Each structure stands twice: as C-alpha cells, then as structure tokens.
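Before any comments, here is the structure.
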Amino acid sequence: MAGCTTASAAGSCNKACLEEIADQYRAAYLAHDLSKAPFAAQVRYTENNVEMPFPDGTWDTVTEMPGPVLTISDPVTGQAAIFTPIRQRAVPGFLTVRFKVVDGKITEAEHIISTARNLSSPPTPIGKIEDFAYDPTVDRVEPPAKRLTRAQLAAHANGYFDTLQHNDGEIRGTCFHEHATRRENMMMFDDIKQGFESGRYLFNNRVRRDIVLVDEARQIALGRGFIDHKGVLDTYKLTDGTETKSIFQEPQSWGLLEAFKVTDGCIAAVVAGFYQAPYYTISPWTEEAAEE
C-alpha cells in the first residue's frame, strides 16, 4: 500500500491512500478474499440497509466487475465511494459502495445493489452493463480556483433532493447545466432540468437524506437517502397542463446512494444506485430520519 504508508502512520488516509484502498476493496470483493484489502478486525457492514455479519450478501456471489468504475474520496472524513457494474453469474447489476478508513483499516462498508431480479414494481430504472459509461465530467479533477467549498457542494446535493421532493416545477437550492445527465443503475437520463421543471416527479412525497462524503478535488457530494412514495397521488397535471397518472399506487420507498458533480456553480452530472425498500425504511447508518 505505497499510497497509504505515510498517511496511515499518522492515523489518517490522504486521497491517494483512500483510492488505493478502494482498488484493493474491489479486488478483495471480486476474489472473495479479505486478505487483499486492509480490513479491520471488526467491520460494520450493510447491504441495502440491512446490517449483517461481514462478509456476507454479494460478497459471496459476485463473479465479475466489468467496469467502468468511478471512485470518489473524502480525506476529511476518511471515506470513499465506488460506483460499478457487477455480475453475479448470469445476473447483471449495479453496485455502489461507501467505506470508511480509520488508521489505515476499513471499519465500515455500505452497499447499495440493484439487479433486474430485485427491482421494485413499478420498476426502479436499470440499464445494461454493455452500454454503460460515465459522463466524462464526473471523474475530472477541477482546478482549485474553480472549486466550491464543502458546504456549498453539500447545499447543491440538498437542493437537488429538495427539488425532487414534492416536485412541482420549482428548482430549489441548486441549478443545472442545460445538458446535465443522470445515470441511475446505469440507465441514462439526459433531461434532469427539463424533468424537474415539468413537475413529473410530484409523486415523491418525501426525500430523507444525509450528505455523507464530499470529494473536493472532483467537486462531488455523495448523499445517502430514501425517496418515499405514499401512493396516495393518482392523477395530476404537469406544469404544461398535461394530465398524467402516478405510477406509485401503494406505499414504497427507494433507497439510494447518489453522487452530484458540480461545475461552474451548477450540477453537471449525477450518478446513483437505487433499490426498492419497504416503505419508510430507516438506514442503520442514520441516527434519526430526516424531517419532511
């Protein structure tokens, strides 16, 4: 672990250290071999917000990580995140991982995994591994003179979630580049701003969230959260007067880890991992559910 030696000895892990450990995490996960990464003796682990012994879940079933892979890191909090397609034998899926490093050891690991076999009804979006690529702006390191502060990046993420909640056409607390993209479980959406301005997502009753990681160099904020659909909305009108019908007819929630890339003061790209959760699930990582 050449990138970690000095920082880890000091009880912290710099950006190179965290991203090297992220590579080692992926190698260990794919090989089902904990010795390939620096895990602590006790690792707190969840998959789709279910806490379980480590390793378990997809640690036992993953067979391929075909890429591409996006890694972001936050030396201030000692955390990193990984976004990557995976396969479990014949079943493709999209995995998002958040992990924490303390004194050079991984002490926490949080997985959000979505596959074509665990999609909700109505289905959460999922794309095809063969067609998947990240927006090239996401992984770009931004010049220091153009960077926003950690608080400003978190505010953009919260603004996105505020806009998504009770979406009525108003953009709240953030802004979007005209051609901003969003990739959810590998599926591409190229109309973020237009979608929000249409009021298409009025069925989102509540978006509970925590901003858990900020990659200052890449200008990315990572949020953990749930989109709650109460199922009470039936027909409604878009902002242009078009009448439409909600696809959510019963209570359910979508759990997520979602990253927001900011350039020139506005959101330029979004990458998210989603899965269906029982209605009003509360993450084991969140001390208290966010208020509506």
Practice item. Filter the range 202-233 for residues that are acidic (Asp, Glu) and surrounded by fewer than 23 Cβ atoms within 10 Å (Cβ to Cβ) and give the result. Key: Asp210, Glu216
Exercise for review: Have a look at Asp162, Asp191, Asp210 and point out the one that is assigned by the TED database to the domain that holds Ala145, over 19 Å from Gly255 (Cβ atoms) and acidic (Asp, Glu).
Suggested key: Asp191
**Study point:** Odd one out for Gly169, checked against (1) touching a helix residue (DSSP H, G or I) at 6+ places or on another chain (Cβ under 7 Å); (2) crowded, with 17+ Cβ neighbours inside 10 Å
**Key:** (2)
Review point. Can you find even one residue in the range 173-187 that is open to solvent by 30 Å² or more (accessible area, probe 1.4 Å), hydrophobic (A, V, I, L, M, F, W, C) and not in a strand (DSSP E or B)?
Key: yes
Review point. Mind checking whether some residue in the range 108-124 is in contact with a helix residue (DSSP H, G or I) (Cβ under 6 Å, 6 or more places away or on another chain), assigned to a strand (DSSP E or B) and among the polar types (S, T, N, Q)?
Key: no
Exercise for review: Please find, among Phe226, Phe161, the residue that is part of a helix (DSSP H, G or I), closer than 22 Å to Gln79 by Cα, touching a Lys or Arg at 6+ places or on another chain (Cβ under 7 Å) and not charged (D, E, K, R).
Suggested key: Phe161
Exercise for review: Scan the range 36-59 and give yes if some residue there is in a helix (DSSP H, G or I) and surrounded by fewer than 17 Cβ atoms within 10 Å (Cβ to Cβ), otherwise no.
Suggested key: yes
Check your understanding: So, in the range 63-75, of the ones that are open to solvent by less than 50 Å² (accessible area, probe 1.4 Å) and in contact with a helix residue (DSSP H, G or I) (Cβ under 6 Å, 6 or more places away or on another chain), which residue ends up farthest from Ile129 (Cα to Cα)?
Key -> Ser73
Practice item. Among the residues of the range 72-106, write down those that are of a type in the set (Asp, Glu) and not in a loop (DSSP other than H, G, I, E, B). Key: Asp74
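The values are calculated or read from the model by the stated rules, or taken from the named source; none is laboratory data. These figures come from a predicted structure and were not determined experimentally. Virtual Cβ from ideal backbone geometry, glycine too; neighbours counted across all protein chains shown. Each accessible area value is taken on the protein alone, full model and side chains, heavy atoms only, with ligands, DNA and RNA left out. Shrake-Rupley method; radii C 1.70, N 1.55, O 1.52, S 1.80 Å.
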